[in-house]
Amino acid sequence: MNESSTTPTAGWKNFGHVFRESVGLIGFWMTLRYLLIWLLSYKPFADNSFDRRHGTDTSGLVPTRDLDIDDDATKWQSNLYLGSPARVTRYIIDTLDIDPADFTFVDYGSGKGRALFVAAEQPFKKVVGVEISAQLHRVAENNLIRYVGEPLRSDIELWCGNALDYPLPEGDLVLHMYHPFGPDVLGLMLQKIKTEAGEKPRRILVPYLFSIGVAKMVFREHPDFVRVRDELCVNNLYRWTLYELRA
Ligand SMILES: C[S@@+](CC[C@H](N)C(=O)[O-])C[C@H]1O[C@@H](n2cnc3c(N)ncnc32)[C@H](O)[C@@H]1O
């Protein structure tokens, strides 16, 4: 990004340009309507309400191109960093209808760790964050030190590396994913989870947030992951799907 594009003057010039173009295309009143809708809409990348309460740094967006991942093939199968809104994670966990004390919660692609803190509001056996970017992992480590507020009810562990290399923990699991990978890696992850789950009966739940077509397609190719629930939540802003591994 060059400096001029970040100055307020450049921002307003740009806005004026887009506004005039839009008026030319769809007229003044429609432009005003869309502008108002945009101004009033929820902007997840600008939501720092969790950080203001807890003294952490979990906000903002880090595009894939800025993720510190050396291997290009892995990098372009990694999705950008954007924290889940806390109320979405809370809603998902409440809806699982489980006793958290029986489960380990793993967030694949945990980034700066917001979903981990929200999960740790519940007494899970343990909460684990798995993040490929060393920079984001370090931010999450600092957040563990900075966090203030109600005492957390689970221990949080952070693991830095490719989720494909992280051994599946023992016992009943909630494997949270906020659209972390491209379809190739997601397919490999599902295969890995199934292989490492073993024969012993146990519950493996996969709440998948931002459940778009391409992710759904990968789950359809792995029918042992049975779709239990699929819905929009929190003012219809977020689609999530709950899968359960039933081998
Ligand atoms: C949309 S963010 C999710 C953030 C967090 N889970 C939350 O809900 O707040 C996706 C994250 O997945 C990470 N990621 C992508 N590919 C990964 C991989 N193969 N292994 C581990 N983390 C990965 C990215 O670096 C990014 O931080």
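Atom-type composition of the exposed protein surface of the chain places 55 percent of the accessible area on carbon and sulfur (1.4 angstrom probe). Under 5 Å between amide hydrogens, built in the peptide plane, is the criterion, and for His179 it picks out Leu209 among residues at least 5 positions away or on other chains. Solvent exposure of the range 8-154, expressed per residue, is 55 Å² of accessible area, with all protein chains present and a 1.4 angstrom probe. List the pairs from Lys75/Lys126; Lys43/Lys126; Lys13/Lys75; Lys75/Lys192 whose alpha-carbon separation is above 26 Å, in the order I gave them. Among Lys75/Lys126; Lys43/Lys126; Lys13/Lys75; Lys75/Lys192, the Cα-Cα distance tops 26 Å for Lys75/Lys126; Lys43/Lys126; Lys13/Lys75.
Using a Gaussian network model of the chain in which every pair of alpha carbons under 10 angstrom is joined by a spring, one finds that among Ile37, Ile98, Ile193 the greatest mean-square fluctuation is at Ile37.
The DSSP beta bridges internal to the chain are antiparallel in roughly 45% of cases. If you run the Gaussian network model on the chain, springs between alpha carbon atoms under 10 Å, then out of Gly198, Gly171, Gly55 the most flexible one is Gly198. Quote the FRET efficiency, to the nearest 0.05, computed for Asp70 versus Arg138 with a Förster distance R0 of 22 Å and r equal to the Cβ-Cβ distance. Calculated transfer efficiency: 0.85.
Would you tally the net charge around Pro223, using a Cβ to Cβ cut-off of less than 11 Å, leaving Pro223 out, and scoring K and R as +1, D and E as -1? Write down the numbers at each step before the final one.
On the way: positive: Lys194, Arg220, Arg227, Arg246; negative: Glu221, Asp224.
Combined, the nearby Lys, Arg, Asp and Glu give +2.
With Cα atoms defining each centre, the range 156-217 and the range 90-132 are spaced 13 Å apart in the structure. Computed on the range 1-142, the Cα convex hull volume stands at 173 Å³ per residue. Within a Cβ distance under 13 Å of Gln191, other residues only, what is the Lys/Arg minus Asp/Glu net charge? Spelling it out: positives minus negatives among the neighbours equals -2.
Using a cutoff of 8 angstrom between alpha carbon atoms and counting only pairs six or more residues apart, the relative contact order for the chain works out to 15 percent.
Would you please give the FRET efficiency between Tyr42 and Arg229, computed as 1/(1 + (r/R0)^6) with r the Cβ-Cβ distance and R0 = 25 Å, to the nearest 0.05? If you can, show how the numbers build up before the last one.
Details: r = 22 Å, r/R0 = 0.90.
In this case the efficiency is close to 0.65.
For the range 72-142, state the average projected area of the convex hull of the C-alpha atoms over all orientations, rounded to one decimal in nm². Don't skip to the end; give the middle numbers.
On the way: hull surface 20.5 nm².
Mean projected area of the Cα convex hull: 5.1 nm².
When peptides 179-191, 56-68 are ranked by their average number of other Cβ atoms within 10 Å per residue, the highest-first order is 179-191, 56-68.
The value given for the chain is a Kirkwood hydrodynamic radius of 19.6 Å, derived from the mean inverse Cα-Cα separation. Taking amide hydrogens as placed 1.01 Å from N in the peptide plane, the amide H of Ile204 sits under 5 Å from those of Leu173, Leu245, each at least 5 positions away in sequence or on another chain.
Using only C-alpha positions, report the orientation-averaged shadow area of the convex hull of the range 34-94, nm², one decimal. Don't jump to the answer; show the numbers that get you there.
On the way: hull surface 25.5 nm².
Over every viewing direction, the Cα hull of the range 34-94 projects on average to 6.4 nm².
For the residue pair Asp94 and Val23, what label-to-label distance in nm results when each label sits 7 Å from Cα along the Cα-to-beta-carbon direction? It works out to 4.5 nm between the two label points.
Taking a quarter of the surface of the Cα convex hull of the range 66-197, what do you get in nm²?
Working: hull surface 31.1 nm².
So the mean shadow area of the Cα hull is 7.8 nm².
The values are calculated or read from the model by the stated rules, or taken from the named source; none is laboratory data. Source: prediction; values computed, not measured. In this analysis, Cβ positions are derived from the backbone assuming ideal geometry, glycine residues included, and neighbour counts consider all displayed protein chains. These area figures cover heavy atoms from the full protein model, side chains too; ligands, DNA and RNA do not enter into them. Shrake-Rupley method; radii C 1.70, N 1.55, O 1.52, S 1.80 Å.
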